[in-house]
Amino acid sequence: MSNPQRRLDLEEIGNVSIAKFVDKKILDETNIQIIGNQLFGLVDEDERKKIVLDFTNVEYLSSAALGKLITMDKKVKAAKGKLRLCCIRPEIYEVFEITRLNKIFDIRGTQEQALEGF
Amino acid sequence: MGPIGLLLSRVLRSLFPKAHPGVMSSPEQFEVVIPSDTSAGQAVQERIVSRLEELEFSSRDVFGMRLALEEALVNAIKHGNRMDPDKTVRVEWAISSDFVRVVIEDQGPGFQPDDVPDPTMEENLERPCGRGIMLMRAFMSHVEYQGRGNILVLEKRRASA
């Protein structure tokens with residue numbers, strides 16, 4: 001557990017970083033903590049400004065994971081960067097709708113749409 | 001299959017029209033007591049959810065149940081028992097072919113669910129906490145806190161196809 005493998009697959013397209021979640025389930029405190037730290041590292045350590053989070057693999061996500069995404073969004077905004085989310089399956093999108101977080105996140109359908117005009 | 005076999009299967013089908021593994025006359029009931037450890041919570045969650053999958057509950061029902069259990073167990077372990085290794089969480093559940101009821105009881109001080117700020121209010125939207133209860137309410141048929149707020153009842157009726 002102290003040596004967590006990467007939980008985000010990173011790809012650079014132009015000046016945009018695409019971070020794809022590796023896990024199917026973003027549940028459980030320890031797991032979410034690790035994923036959160038790797039997300040924050042993209043802004044705090046790597047100083048990336050344009051980030052797309054790709055949810056293709058994600059089948060489950062809890063409110064604790066939403067908390068990390070909110071903190072991530074704030075960090076990116078504070079660094080004058082931009083964050084977009086894409087490839088969210090319908091059940092997960094419903095979670096964003098119920099919590100009204102679809103209002104604060106910039107959510108796009110596909111990776112191509114997320115990269116458009118970014 | 002010969003004519004007699006065919007007749008026999010027809011008679012059996014008319015006697016037991018819904019005879020498939022998903023149909024039970026009385027609900028299955030279980031109870032476990034787990035330590036204040038989220039991985040133990042995950043194991044119970046997995047046990048309940050895989051039973052719903054076997055009973056062919058819809059993927060949305062299964063999704064909602066997993067999410068509600070995750071939120072409920074994390075709340076009980078983290079906020080209720082505050083990860084205290086001397087405290088435990090009791091989980092009791094009953095599953096029938098169209099209904100699930102889960103009772104989760106922690107040994108914490110309890111809380112007033114009405115005191116939790118509404119996370120969908122504009123001023124709270126960016127707060128990273130407080131969405132668990134709301135998600136449980138959205139995905140379950142019924143959610144109720146009992147006792148001093150340390151007992152949670154989750155009920156889910158199978159969604160009609």
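Only the coordinates and a few stated rules stand behind these numbers; no lab work does. Just so you know, these numbers come straight off a predicted model, no measurement behind them. We place every Cβ from the backbone using ideal geometry, glycine too, and count neighbours over all the protein chains shown.
Structural remarks
- Sparse-neighbourhood loop sites, trypsin sites (Lys or Arg not before Pro) in the stretch B:121-161 - DSSP loop, at most 14 other Cβ within 10 angstrom: B:ARG148
- Counting only whole DSSP H helices of chain A, the ones at least 20 Å long by C-alpha along their axis and with mean Kyte-Doolittle hydropathy no lower than -0.5 are A:29-44, A:63-78.
- Estimated dipole of the stretch B:21-157 in Debye, rounded to 20 [Cβ of Lys and Arg +1, of Asp and Glu -1, Cα centre]: 100
- Only Lys, Arg, Asp and Glu carry charge here, each on its Cβ (+1 for the first two, -1 for the last two); on that basis the stretch A:8-115 has a dipole of about 500 debye about its Cα centre.
- Largest-first principal axis extents, alpha carbons of the stretch B:74-161, Å: 40, 38, 19
- Taking θ as phi - 60° and the Karplus parameters 6.51, -1.76 and 1.60, the scalar couplings of the stretch B:143-159 work out to 10, 9, 9, 10, x, 8, x, 9, 10, 10, 10, 10, 10, 9, 8, 4, 5 Hz in sequence order, x denoting glycine and proline.
- For the stretch A:53-105 versus the stretch A:2-41, the spacing of their alpha-carbon centroids is 13 Å.
- Candidates per trypsin sites (Lys or Arg not before Pro) in the stretch A:37-118, loop by DSSP, up to 12 other Cβ within 10 Å: A:LYS80
- Whole-number Å³ per residue for the convex hull built on Cα positions in the protein assembly as shown: 178
- Lys, Arg +1 and Asp, Glu -1 on Cβ, resulting dipole of the stretch B:94-133 about Cα centre, debye, nearest 20: 220
- Residue separation of A:ASP106 and A:THR30 scaled by 0.36 nm, minus their Cα-Cα distance, works out to 24.7 nm of gained length.
- Dipole of the stretch A:8-115 [Lys/Arg +1, Asp/Glu -1 at C-beta], most positive-end residue of A:ALA78, A:PHE40, A:TYR93: A:ALA78
- Dipole of the protein assembly as shown computed with +1 at Lys/Arg Cβ and -1 at Asp/Glu Cβ about the Cα centre; of A:ILE51, A:THR110, B:SER97, farthest Cα towards the positive end is A:THR110.
- Take the Cα of B:ARG148, step 7 Å toward its Cβ, do the same at A:ASP9, and the gap between the two points is 4.9 nm.
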